[in-house]
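Novice: Starting off with a structure, shown below.
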Amino acid sequence: MLQFSDFQENEDIGSVYVREKGQLFLAGSDCTRMKTSPARLFSKGFSVRLCVNQGDNCKPKEKPFIFTYTEQGSLRYTAKSLFTLALDLIADNIQHVDSLLGFPEQVAERLFTAAESRQQFSHPQSGLVALRKFTEAYGDLMMSSLCLRGKYLLVSEKLEEIKSFHGLRSLDLSCCKLGDGHELLGHLCSEAMDSLRTLHLKDNCLSDIGVQKLTAPVRVLHRGLRKLTLLDVSRNPQITEKGVSFLLVFNQLEYLDISATGVQDTTATCQKIQTRTGLVQSMKSLHQFDHVDCRTQGWAEQLFCQWDQLVLSAIKPNKIPKSRTAAQQFYGKEKVNCDDVQTPVQYEASTNGTAHLQFYRPAVVRNSVPTASNSGHYPLKRAKEEKRMEETASSLPAKKSRMALTSEDWDLLNSY
């Protein structure tokens with residue numbers, strides 16, 4: 001043992017402990033063993049508080065485990081697969097992905113669902129950028145049919161997002177009050193919408209000028225809505241015979257609706273449509289214009305539902321004045337849907353037959369040769385020719401039967 005006589009003279013040093021053979025002893029004492037607790041790094045009253053900057057948007061790291069319960073009720077956890085961890089990482093940083101071209105569709109659909117659950121497409125800065133990466137790579141898989149019937153607020157709020165979708169085959173913009181100069185109407189003439197087959201523009205305040213703009217790429221540049229098979233421009237009272245003549249450039253139309261428009265001479269208009277396109281006026285309402293099968297389809301279907309709910313939640317019903325509500329109750333007026341909106345009086349009460357002008361292509365003309373169907377006299381020619389052939393075919397067997405039966409045959413027939 002060391003001697004600590006010098007330490008005894010200086011009392012300021014305090015107690016000194018020495019460890020020997022794994023035991024702790026007090027220096028200068030009789031070497032009694034001391035039971036000591038481990039020294040504390042901090043005092044008992046010490047506490048730590050973590051201050052996070054409010055501008056830090058970093059998300060907390062997700063745990064790489066999935067917790068479930070067994071049949072007995074005990075907790076069980078399993079580790080996430082490497083594919084799931086990588087998918088979550090990409091979904092959290094989808095705005096930094098350069099491109100998704102060539103990426104497998106099955107994996108891309110799961111990636112889009114993961115990004116949508118994290119509300120990556122709702123961010124004002126990076127949401128549109130992330131959405132365009134999917135629409136540029138997958139086109140109609142993202143959205144093949146889009147129904148925006150009466151959702152003019154959604155069209156106004158999410159116009160750029162709607163324009164980012166490519167490969168649409170069906171689009172319903174009925175009751176959106178677009179007008180002739182709307183930006184979306186010009187987008188319909190672009191190459192991004194050349195795959196469109198069905199277009200509903202019912203009740204959109206269109207005139208002959210808007211129809212002229214819509215058909216200009218087809219008439220001049222031979223591109224645009226050339227593959228259109230169904231067109232609905234009803235309830236646009238400013239579309240006259242001049243505007244209808246522009247619509248005849250769509251030579252692949254199977255169904256056309258110009259009901260409740262500003263057409264005055266319906267007889268001449270129907271004759272002109274039948275001569276140039278082969279479409280025949282229907283005496284009853286066609287189910288193709290009932291909007292029963294028109295709905296939103298694609299990966300982004302739930303995304304549009306979320307946007308629609310956000311727009312509707314922004315509308316506060318208490319902003320309506322009480323006097324207006326009381327007046328509506330007094331006159332028995334109720335809030336109606338866009339489907340039930342009646343046509344304006346200026347063309348609803350017209351008696352010239354424009355209330356119902358729907359056209360379809362008959363099956364005979366539809367299956368005929370396209371070059372021959374362009375001439376307006378072809379259906380009439382074919383009908384006369386078929387009638388003459390039927391008369392000839394029916395007359396020949398009759399003559400043959402009369403010549404084949406003799407008097408003995410007639411006696412045999414009469415005996416039965």
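The values are calculated or read from the model by the stated rules, or taken from the named source; none is laboratory data. Everything quoted here is computed from the prediction, not taken from an experiment. Glycine gets a Cβ as well: all are built from the backbone with ideal geometry, and neighbour counts include every protein chain shown. The accessibility values were calculated without ligands, DNA or RNA, using every heavy atom of the protein model including side chains. Shrake-Rupley method; radii C 1.70, N 1.55, O 1.52, S 1.80 Å.
Novice: Positive end of the charge dipole of the stretch 119-278 (Lys, Arg +1 and Asp, Glu -1 on Cβ, about the Cα centre): tell me which of Ser245, Val218, Ser207 has its Cα farthest that way.
Specialist: Val218
Novice: Among residues other than Gln281 whose Cβ falls under 13 Å from its Cβ, what is the net charge (Lys/Arg +1, Asp/Glu -1)?
Specialist: +2
Novice: What accessible surface, in Å², does a 1.4 Å probe find on Thr266, ignoring ligands, DNA and RNA and rounding to the nearest 10?
Specialist: Looks like 20 Å² after rounding.
Novice: Give me the distance between the Cα centres of the stretch 146-184 and the stretch 77-116, rounded to whole Å.
Specialist: Taking the Cα centre of each part, the stretch 146-184 and the stretch 77-116 sit 29 Å apart.
Novice: So, one more: Just reorder Phe246, Phe121 by solvent-accessible area, largest first, 1.4 Å probe, all chains present.
Specialist: Phe246, Phe121
Novice: Now for a separate question. Mind ranking Arg276, Arg197 by accessible surface for me, highest first, 1.4 Å probe?
Specialist: Largest accessible area first, the list is Arg276, Arg197.
Novice: A further question on this structure: Please list Ile209, Ile94 from largest to smallest accessible area, probe radius 1.4 Å, with all protein chains kept in place.
Specialist: Ile209, Ile94
Novice: Oh, and also: Principal axes first, then extents: for the Cα atoms of the stretch 149-272, list largest minus smallest coordinate on each axis, whole Å, largest first.
Specialist: Ordered largest first, the stretch 149-272 gives principal extents of 43, 29, 21 Å.
Novice: Rounded to the nearest 10 Å², what accessible area does Ser190 show when all protein chains are kept and the probe is 1.4 Å?
Specialist: Near enough 30 Å² of accessible area.
Novice: Are any of the pairs Lys213/Lys284; Lys177/Lys227; Lys202/Lys284; Lys163/Lys272; Lys242/Lys284; Lys158/Lys227 more than 28 Å apart by Cα-Cα distance, and if so, which?
Specialist: The answer is Lys213/Lys284; Lys163/Lys272.
Novice: Quantify, in whole percent, the carbon and sulfur part of the accessible surface of the stretch 89-158 (1.4 Å probe; protein heavy atoms only).
Specialist: 49 percent
Novice: Turning to a different aspect of this structure: What is the set of long-range amide H partners of Ser282 at a cut-off below 5 Å, with H atoms built 1.01 Å from backbone N?
Specialist: Gln358, Phe359, Tyr360
Novice: Okay, moving on. Between Glu109 and Tyr152, what is 0.36 nm times their sequence separation minus the Cα-Cα distance? Round to one decimal in nm.
Specialist: 12.6 nm
Novice: Would you please give the FRET efficiency between Arg19 and Ala86, computed as 1/(1 + (r/R0)^6) with r the Cβ-Cβ distance and R0 = 51 Å, to the nearest 0.05?
Specialist: Result of the calculation: an efficiency of 0.50.
Novice: How do 177-184, 99-106 rank on mean C-beta neighbours within 10 Å, highest first?
Specialist: 177-184, 99-106
Novice: Using a Förster radius of 30 Å, what is the FRET efficiency between Lys242 and His222 based on their Cβ-Cβ separation? Nearest 0.05, please.
Specialist: In this case the efficiency is close to 0.90.
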